[in-house]
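Read through the structure below, which is laid out as structure tokens, and then see the notes.
Laboratory data are not the source of any read-out in this text; all were calculated from the coordinates shown. Bear in mind that the values here come from a model prediction, so they are computed numbers and not experimental data. Ideal geometry is used to build each Cβ from the backbone, glycine not excepted, and the neighbour counts take in all protein chains shown.
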Amino acid sequence: MEIYLVGGAVRDALLNVDFHEHDYVVVGATAEQLLAQGFTPVGKDFPVFLHPKTQEEYALARTERKSGQGYTGFECYAQPDVTLEQDLQRRDLTVNAIAKSASGELIDPWGGINDLKLKVLRHVSPAFAEDPLRVLRAARFAARFHSLGFIIADETYALMRDLVLAGEMKALVAERVWQETAKALATQTPSEYFLVLHRCGALTELLNLASANSNLPEQINFPLLEQVTAATDELVLRYAAWVADLAVLLESRELALNCTQQYLRAPNVFLDMARLLQNTLTLLEQPQLNTDAVLAFYQASDAWRRTERFTQLQHLCKIIVPERERVDKLFLPVQNLRDIRVQTYVEQGLKGAAIGEAVKEKRRALLNAAWQSSFI
């Protein structure tokens, strides 16, 4: 039995960038041997185990053969006769196909170290084109290492386009697409992830825009996402900014919201922020902010109870909306309007709908007073 450190830990150490996870491949062993040593099986589709003490992942060396459509359509062979070189050959990119022995020796049969020097993301073998998930992974690594000057090799781009044209992207489940997208949003340049997907045709496929009789223009950019990325590392705000960019590109806020919600399956907190931002931008585009419209916006946004979310929305708008005075006019009075004591009206003898109407009138008066004192 031989154990090698593989993947991201080896790559990132060679790039001298931070890494936190260690993945290992075990050559010349069986699952029964690992179980006898106290390892815990966790791989549903592949022979992956957790170390009994460190809880780090150890996978049996394996080969894969395409047997169906999509990223799950593979037959896995994991027996002691699988070599390290064979295991590394099944990996997506050469920079991820470098191993390190216990003695510190680097094993690099597919040229990953040279590609790190060249700053090129290149597929290991033609088998790259058998797995549509690798399109997303290549785009994510392009985003992660864009600031270091990495690019995707032309021949790898060609395979990515082949996967798209073959209809393989449709085999990806939305939850898996979201996992890769969330990781990309956490990089220094998440806009590069979406640009790479667009260049190979995958973004239109993933969002199923053809079914909505819509498409993205050939030349695109994501200025709001880039602004927000530079200002905050909150993924929920970055996501909302990207959806706002997409709405501009599609010339439809509703289409951008619907296609991302349906085909990316982001968590509700992300979806809520994206819709809140679209509603806010629509309101801010009005020639004037009138009292009733703003109060209705507060109510629809649940500003009285979801204070943290509303504060996030305010922060997001301050980043991307140039008219700072309008943002302040919309958001600053809300704290005073939250602090109304309903009990006061109960003590006055009001009941039911009359209490709600009294609270609404009080908020209207407070809002007008705040605007008159602060924004004239």
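Taking θ as phi - 60°, what are the ³J(HN,Hα) couplings along the stretch 46-51 by the Karplus curve (6.51, -1.76, 1.60), each to the nearest whole Hz, with x for Gly and Pro?
Result, rounded to whole Hz: 10, x, 10, 9, 9, 5.
For labels at Arg306 and Phe46 in the simple 7 Å Cα→Cβ model, what's the distance in nm?
Each label point lies 7 Å from its Cα, and together they span 3.7 nm.
Are there any GluC sites (Glu not before Pro) in the stretch 1-107 that are in a DSSP loop and have at most 15 other Cβ atoms within 10 Å? List them by number. Don't skip to the answer; put the middle values down first.
Details: sites: Glu2, Glu21, Glu32, Glu56, Glu57, Glu64, Glu75, Glu85, Glu105; in loops: Glu21, Glu56, Glu105.
Within the stretch 1-107, the qualifying GluC sites (Glu not before Pro) (loop, at most 15 other Cβ atoms within 10 Å) are Glu21, Glu56, Glu105.
Please return the longest stretch of the chain lacking exposed loop sites, where trypsin sites (Lys or Arg not before Pro) count only if DSSP places them in a loop and at most 10 other Cβ atoms lie within 10 Å.
54-304
Scan the chain and hand back the longest stretch that contains none of the chymotrypsin sites (Phe, Trp or Tyr not before Pro) lying in DSSP loops with at most 15 other Cβ atoms within 10 Å.
20-374
What do you get for the angle between helix 133-144 and the principal long axis of the chain? Use alpha-carbon atoms, 0 to 90 degrees, nearest ten.
Relative to the chain, helix 133-144 is tipped by roughly 70 degrees.
Tell me, what HN-Hα J-couplings in whole Hz come from the Karplus equation 6.51 cos²θ - 1.76 cosθ + 1.60 at θ = phi - 60° for each residue of the stretch 222-236, using x for Gly and Pro?
Per-residue couplings from phi come out as 10, x, 5, 4, 5, 4, 5, 4, 5, 9, 7, 9, 6, 5, 5 Hz.
Please report the spacing between the Cα centers of the stretch 101-123 and the stretch 268-287 in Å, no decimals.
Centre-to-centre (Cα) distance: 45 Å.
Among Val243, Ala78, Gln89, which residue has its Cα positioned farthest towards the positive end of the charge dipole of the chain, with +1 placed on the Cβ of Lys and Arg, -1 on the Cβ of Asp and Glu, and the dipole taken about the Cα centre?
Val243
Take the residue pairs Lys329/Lys362; Lys53/Lys117; Lys100/Lys170; Lys318/Lys362 and return only those whose Cα atoms are more than 29 Å apart. Present the calculation step by step, with values, prior to reporting the outcome.
Working: Lys329/Lys362 18 Å; Lys53/Lys117 35 Å; Lys100/Lys170 36 Å; Lys318/Lys362 27 Å.
Pairs exceeding the cut-off: Lys53/Lys117; Lys100/Lys170.
Specify the angular offset, from 0 to 90 degrees and rounded to the nearest 10, of the alpha carbon long axis of helix 291-300 from the longest principal axis of the alpha carbons in the chain.
The angle comes out at about 40 degrees.
Taking only DSSP H segments of four or more residues, each worth -39500 (n - 2.57), what value at 222 nm results for the chain once the sum is divided by all its residues, to the nearest 500 deg cm²/dmol?
-15500 deg cm²/dmol
Which one, (1) 36.5, 156; (2) 26.1, 99; (3) 26.2, 84, gives Rg and Dmax of the Cα atoms in Å as derived from the coordinates shown?
For Rg and Dmax of the Cα atoms in Å, the calculated option is (3).
For the Cα atoms of the chain, what angle does the longest principal axis make with the long axis of helix 307-320, in degrees from 0 to 90, nearest 10?
It works out to around 80 degrees.
If you consider only alpha-carbon coordinates, what radius of gyration and Dmax does the stretch 17-120 have, in Å?
14.6, 43
Could you tell me what a quarter of the Cα convex hull surface of the stretch 147-245 works out to, in nm² with one decimal place? Numbers along the way, then the final one.
Working: hull surface 27.2 nm².
Projected over every direction and averaged, the Cα hull of the stretch 147-245 covers 6.8 nm².
Put +1 on the Cβ of each Lys and Arg and -1 on the Cβ of each Asp and Glu in the stretch 119-206; which of Phe145, Gly201, Val177 then has its Cα farthest toward the positive end of the dipole?
Farthest towards the positive end: Phe145.
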